[in-house]
1. Rounded to the nearest whole Å², what accessible area per residue is found for segment 215-264 with the 1.4 Å probe?
2. Name the long-range amide H neighbours of Ile135: under 5 Å, sequence gap of 5 or more, or other chain; modelled H, no Pro or chain starts.
3. Report, as a whole number in µm² per second, the diffusion coefficient that Stokes-Einstein gives for segment 87-227 at 37 °C and 0.692 mPa s using the Kirkwood radius over alpha carbon pairs.
4. Quick one: what are the phi-derived ³J(HN,Hα) couplings along segment 182-192, Karplus 6.51/-1.76/1.60 with θ = phi - 60°, whole Hz, x for glycine and proline?
5. Tell me, what ³J(HN,Hα) does each residue in segment 74-86 have, in order and in whole Hz, if you take phi through Karplus 6.51 cos²θ - 1.76 cosθ + 1.60 with θ = phi - 60° and put x for Gly and Pro?
6. Report, to the nearest whole %, how much of the accessible area of segment 108-148 belongs to carbon and sulfur atoms, 1.4 Å probe, protein only.
7. Please state the relative contact order of segment 45-98 as a whole percent: Cα pairs under 8 Å, 6+ residues apart?
8. Quick one: 3J(HN,Hα) in Hz for segment 50-67, Karplus 6.51/-1.76/1.60 with θ = phi - 60°, rounded, Gly and Pro as x.
Amino acid sequence: MLKSLFNWKVLLNLVIAIGVFVGLVWLTFRWLEYHTNHGQEIPVPNVVNKSVHDAIKILDDTGLEYEVDSANYDPKYRPFQVLQIYPSPGSRVKDGRTVRLKVNPRTWAQIAVPDVINKYSGLAFQRLDQVGLKIGDTIYEPSIQKDALLRILYKGNAVNPGTRLPRFSVIDVVVGTGPMRNISIPNVVGLSVKEARAVITKSMFEVGLVEYEDGGKDESDIIYYQDPAAGDVRDQGMQIDLWASKRTPAELRAKVEQLNSIYRMKVDTSLPPVRYEEVHNEPAYEPPVIPAPAPKKEVPKAEPVKTETPKVQTTAPKPAASGTEKPKTSTNNQATGSTAKPAAPANTGQQPAQKPKAKKVVVE
């Protein structure tokens, strides 16, 4: 078997096979070099800070492919200015290699306007700021929706929710100030229901009950009665009830009178007005009756005994006619400036006994 392996024919076939294999490998690498332009590298040109149009022209002349990608808008750079290139400038790449350009857009990316119509203004402002819209002027307008955001204006034109605007755009908002007080009710009698609705809405009132005479809902019917009446003063936002018919108000005079008896208050001016007079009932003055004072019981006070030296004679009090009569005071004694004090009253059992007072001596 070993002899057969070293046969010249076997060795020749083996050498031929090895040569074929080496030749195929060499041809493969040569084809790859040709196909990939091995050894033919192109430096990436520096197109940073150039406009995207100039950068594309330079890459086309160099033989490189390109892709343009927009970055977030930066107001510090010019619109469509190349901010970055990949691979970096100076790198060597094959001919036909694709490079990526990052370009500053013309303006901010567009965003959708959020639905904040008829919402409270405080929450609406917060939502608009979150999406990147800046609020410019705040315009106040009479409306029954107080402090509600009524409209959004961009460059003077109203925009609807969902409209796409550049981010950080300046918008104006219209906010309601609430209903006005004491506004005259408009006259809609004689108008069609459609026209009456427009007039009532324009005056900031609400359309209440609409009663059709024939039971239908034809907007072309004529208004022949309204409540409240035209000219009455009400606050904005109040409802106005309407009665409509295909006939004119003149043909429905009886119906109008019937409604007046229900919804209108009649004031009868044929009777004289009732006059109210104030009556002042002043009581007659009567002098007050002063009752006779009750006799006061004097409680004698203990006084120190005074002794005087009698000079000529003494005067004794006259005996009383009865045991209950009080002694009288002499008028002659008043002239001389001295008075005789009465004797102490008899003990009735109600008061304690007092010491007898010393009698004064009167000198005539």
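The values are calculated or read from the model by the stated rules, or taken from the named source; none is laboratory data. Since we're looking at a predicted model, the values are computed, not measured. Keep in mind that these areas ignore ligands, DNA and RNA; they rest on the heavy atoms of the full protein, side chains included. Shrake-Rupley method; radii C 1.70, N 1.55, O 1.52, S 1.80 Å.
1. Values: 2760 Å² over 50 residues.
Per-residue accessible area for segment 215-264 comes out at 55 Å².
2. Ile171
3. Details: Rh = 19.7 Å.
Once the numbers are plugged in, D ends up at 167 µm²/s.
4. Calculated HN-Hα couplings, in order: 6, 9, 6, 6, x, 8, 10, 5, x, 8, 6 Hz.
5. So the Karplus estimates, Gly and Pro as x, are 10, x, 6, 10, 6, x, 6, 8, 6, 9, 7, 9, 10 Hz.
6. Numbers: 1240 of 2540 Å².
Carbon-and-sulfur percentage of accessible area, whole number: 49.
7. Working: 42 pairs, mean separation 29.9, N = 54.
Value for segment 45-98: 55 percent.
8. Result, rounded to whole Hz: 8, 6, 5, 5, 5, 5, 5, 5, 5, 5, 5, 5, 6, x, 9, 7, 8, 9.
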